[in-house]
Amino acid sequence: MSVSGAKRACFFAQPRESVLERLSTRGQGFAVFTPKHRPTSIESARMTKSPIAICDQPRTFDRFPNRITKRAVDVIGAVVGLLFSVPLLAIFGFFLCLESPGPVIFRQKRTGKDGRDFFMFKIRSMRPNAEENGAQWAEENDSRRLRIGAFMRKWNIDEIPQYWNVLKGDMSLVGPRPERPEFISNFEQQIPNYQARHTCLPGMSGWAQINGWRGNTSLQKRIEFDLWYVENWTLSLDFRIMLKTLLSYRNAY
């Protein structure tokens, strides 16, 4: 998915005339979207003779009843998830400490809605010094991964502390998976319209994830699936993704 003719897409809650004028001096190749507006289809958006195209179709995500409904599902799901995850945390925390002494829960900075950073919680699945050489993606048969960690990552068990992030409002049960700030600056240069995925809350699970676009797979395909989700969101789609997450372990490592 890309905005035809646009090299970069910019997103503003309330774009001011001065900002738009400043962008217009940079030449052709900008599409400006506000978080509350979107094109009918990202694929069908077209640049005009002006270097800036502002798309003003209301987004499904930002309709008040949809925001309330999605948030209500998130809160109920997070409370239930936290209650049911306590025994899992105890069991897997015990086996984790047997294999690798150290903290059971760790937090990692991620980028969420509107580009705001937050700390995401996970059960530790790698050795404590896994990133002593800096941030890096997990790979298949990653030597940093613990044996119990490999099992947890395959079945998404390491993600259950994120119910707390959902309850806090940092995340949703479903949405594009949040990425690390260290990687995003590169992704913005490589992937057209990458920032579009930050116009909604990131999720514990997502459309790209259940379709196998996770881990060390194509970034382009992952963003295509994320943007499709943003464009086609419905509550029933969220429930469909949540159910499929239980059996989604392709490229989970």
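Quick notes
Residue-by-condition table, conditions (1) surrounded by fewer than 24 Cβ atoms within 10 Å (Cβ to Cβ); (2) within 16 Å of Asp117 (Cβ to Cβ):
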| site | (1), (2) |
| --- | --- |
| Gln162 | no, yes |
| Gly169 | yes, yes |
| Leu173 | no, no |
| Pro181 | yes, yes |
| Gln189 | yes, no |
| Pro192 | yes, no |
| Arg197 | no, yes |
| Pro202 | no, yes |
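- In summary, helices (runs of 4 or more DSSP H) completely within region 140-253 and bearing 2 or more residues that are within 21 Å of Met126 (Cβ to Cβ) and in contact (Cβ under 8 Å) with a residue 24 or more places away in the chain occur at 147-154, 162-168, 181-190.
- Flag not set for Ile76, criterion: closer than 24 Å to Lys154 by Cβ and in the same structural domain as Met204 (by TED's automatic domain parsing).
The values are calculated or read from the model by the stated rules, or taken from the named source; none is laboratory data. Just so we're clear, the structure is a prediction, and the values are computed from it rather than from any experiment. Here the Cβ is made from the backbone with ideal geometry for all residues, glycine too, and neighbour counts use every protein chain on show.
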